[in-house]
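Following: one structure in structure tokens, then a few remarks.
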Amino acid sequence: MSMISDATGKILTQYLVTDLGGITRGRGVWARAEEAPKHSVGWVPANQMITPFDTIASPNPWGSQGDRRLYTDPSTKVDVSLSDGRRARFYLCDVGELDGRPWDVCARTFLKRGLQALEAQGLLIRAAFEQEFWLTMRGSDGLPSPGFSLARFMAHEPFGTDVMTVLEGAGLEPEMLLPEFAPEQFELTLKPALGLTAADRAVTSRELVRLAASAAQRSASFSPVRVAGGMGSGVHIHFSLWTLKGDPVTYDEAAPAGLSPIAASFAGGLVRHMQSLCALTAPSIISYERLQPHRWSSAYTCMGDRNREATLRICPIVTSSKTPANEQFNLEWRASDATANPYLALGALVWAGLDGILDGVPAPPLVNEDPSALSASSRAAQGVARLPISLKSAISHLRANTKARAWMSDSLFDAYTTIKDCEIALLEGLPSEEVIRRYGQIY
């Protein structure tokens with residue numbers, strides 16, 4: 001990343017944006033360390049058409065013409081030292097027009113618009129991205145150790161301590177780092193935050209985990225799967241609703257499963273749009289290797305009370321905790337992974353939930369068993385359908401959903417779906433092992 005030059009006292013500071021494929025890109029500015037951040041730096045519209053595999057999707061509506069700016073959000077500043085002596089210094093940005101107006105093809109702007117619409121209903125959303133990743137020691141075929149074990153954690157020390165220190169130094173409020181069930185798999189959790197901050201933290205934490213792993217002679221990948229038919233790594237998006245005054249409104253002790261009327265309608269909107277939402281929350285070809293029955297990853301359009309096979313899970317209340325139940329209570333969206341842009345993923349959930357609130361959608365039925373174990377007639381009676389089984393199917397659901405299309409500007413919708421069409425075409429016909437390998441190198 002960056003080092004201060006002894007001769008000039010200057011440092012290279014990165015100004016970053018996460019593109020529609022979930023890749024964080026940007027530009028470095030050479031300036032004195034004590035200088036205020038740049039107000040903006042140059043950007044190119046066609047950059048929004050770059051696929052995850054570094055091809056420019058076609059048709060590219062901007063061609064070689066035009067200019068945009070990356071507008072700095074000073075509150076996102078990261079300036080931390082890594083264990084190998086490197087210094088990571090960067091800011092997150094919005095993509096905007098030259099005159100400062102927001103650009104409607106910016107994913108961060110898409111989330112901001114959703115949050116503003118939710119706020120107009122008197123609500124805020126607090127969220128946390130619970131992220132799983134694969135950690136591999138360089139030059140090793142893997143360190144065999146049991147899932148959830150102290151042995152695995154200690155085998156990688158001081159990586160764990162180093163990465164939590166870096167995350168803490170960046171102001172991300174890390175909570176837990178744990179060895180997960182699959183070999184070489186870990187899970188990271190951060191403290192919940194208001195919507196935009198939560199998505200910013202998801203972006204920043206992924207970059208810092210990769211950097212900390214590199215500093216420790218390891219590699220970290222957030223790819224959804226490593227082996228065809230194997231366990232997957234997901235991103236579970238936890239969220240709860242609050243008033244503008246800061247009062248929690250997701251919980252109602254007297255309601256079924258504790259879900260308040262407003263939260264029930266929000267959940268109803270999510271279930272209504274689940275098949276389309278997958279195009280934005282599980283947006284890679286190999287996302288659908290993970291979204292399979294019996295994987296605890298979700299495979300059906302349903303909500304369940306503490307059911308890890310449900311796409312939308314009502315999380316438990318720890319009754320022994322001193323934290324009040326209404327502040328603990330939250331829901332978890334499980335059909336997501338780190339190939340998704342966090343701003344698009346959370347923004348889509350906000351827009352879908354808001355649609356449920358505005359339409360007064362009733363609470364979805366509680367499916368508290370494995371949906372695949374139900375008969376077809378029982379699933380149909382409860383409105384439970386299979387999630388898309390491929391990215392192509394998910395994009396088709398999104399294209400057919402007029403309400404979901406309306407959440408996005410025409411330019412954003414066309415750019416996103418074109419990129420995904422090209423991503424599918426690029427990998428079509430390749431063996432699944434090769435497709436998985438290519439995603440693993442990128443994410």
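The values are calculated or read from the model by the stated rules, or taken from the named source; none is laboratory data. As the structure is a computational prediction, the values presented were derived from the model and not from experiment. Neighbour counts run over all protein chains shown; Cβ positions are idealised from the backbone, glycine included. Heads up: the accessible areas ignore ligands, DNA and RNA and are worked out on the full protein's heavy atoms, side chains in. Shrake-Rupley method; radii C 1.70, N 1.55, O 1.52, S 1.80 Å.
Assorted remarks:
- Shape of region 58-128, Cα gyration tensor, a/c cut at 1.5: oblate
- Sulfur and carbon atoms: percent of accessible area, region 308-439 [1.4 Å]: 52
- Extension gain, Lys10 back to Gln217 (0.36 nm per residue minus Cα-Cα distance, nm): 71.8 nm
- Taking label positions 7 Å along the Cα-Cβ direction at both Arg405 and Trp30, the computed distance is 4.9 nm, reported to one decimal.
- DSSP bridge orientation in the chain - percent antiparallel, rounded to nearest 5: 90
- Three-way shape call for region 303-411 based on the alpha-carbon gyration tensor, with the a/c threshold at 1.5: oblate
- Summary of packing: across the peptides 145-156, 164-175, the per-residue average of other C-beta atoms within 10 Å ranks them, highest first, as 164-175, 145-156.
- Pairs of Cα atoms nearer than 8 Å and 6+ residues apart set the relative contact order; for the chain it is 17 percent.
- The packing ranking, built from the mean of other Cβ atoms within 10 Å per residue, places the peptides 411-417, 295-301, 378-384, 41-47 in the order 295-301, 411-417, 41-47, 378-384, highest first.
- Those aspartates and glutamates that a straight Cα-Cα span of less than 13 Å connects to Lys245, excepting residues fewer than 8 apart in one chain: Glu119
- Backbone HN-Hα couplings from phi across region 291-305 [Karplus 6.51/-1.76/1.60, Hz, Gly and Pro as x]: 7, 10, x, 6, 10, 6, 10, 5, 8, 9, 7, 7, 10, x, 8
- Within the accessible area of region 40-132 (1.4 Å probe), percent carbon and sulfur: 46
- Atom-type composition of the exposed protein surface of region 193-307 places 53 percent of the accessible area on carbon and sulfur (1.4 angstrom probe).
- Helical content alone sets the calculated 222 nm signal of the chain at -10000 deg cm²/dmol, taking -39,500 (n - 2.57) per DSSP H segment of four or more residues and averaging over every residue.
- Sequence-distant residues sharing a close amide H with Ala57 (under 5 Å, placed H): Ile50, Thr51
- Cα gyration tensor shape for the chain, rounded if a/c is under 1.5, else prolate or oblate: rounded
- Only helices reaching 27 angstrom along their own axis (Cα) with mean Kyte-Doolittle hydropathy no lower than -1.0 count here, and for the DSSP H runs of the chain these are 195-215.
- For region 303-354 versus region 58-114, the gap between their alpha-carbon centres in whole angstrom: 27
- Using the 1.4 Å probe convention, the accessible area of the chain works out to 40 Å² per residue with neighbouring protein chains retained.
- Exceeding the 20 Å Cα-Cα cut-off - candidates Lys112/Lys392; Lys112/Lys403; Lys392/Lys420: Lys112/Lys392
- Along the axis of the charge dipole computed for the chain (Cβ charges of +1 for Lys and Arg, -1 for Asp and Glu, origin at the Cα centre), the listed residues Gly42, Leu12, Met176 are led at the positive end by Gly42.
- Cα→Cβ-extended label distance, 7 Å offset, between Lys191 and Gln292, nm: 3.9
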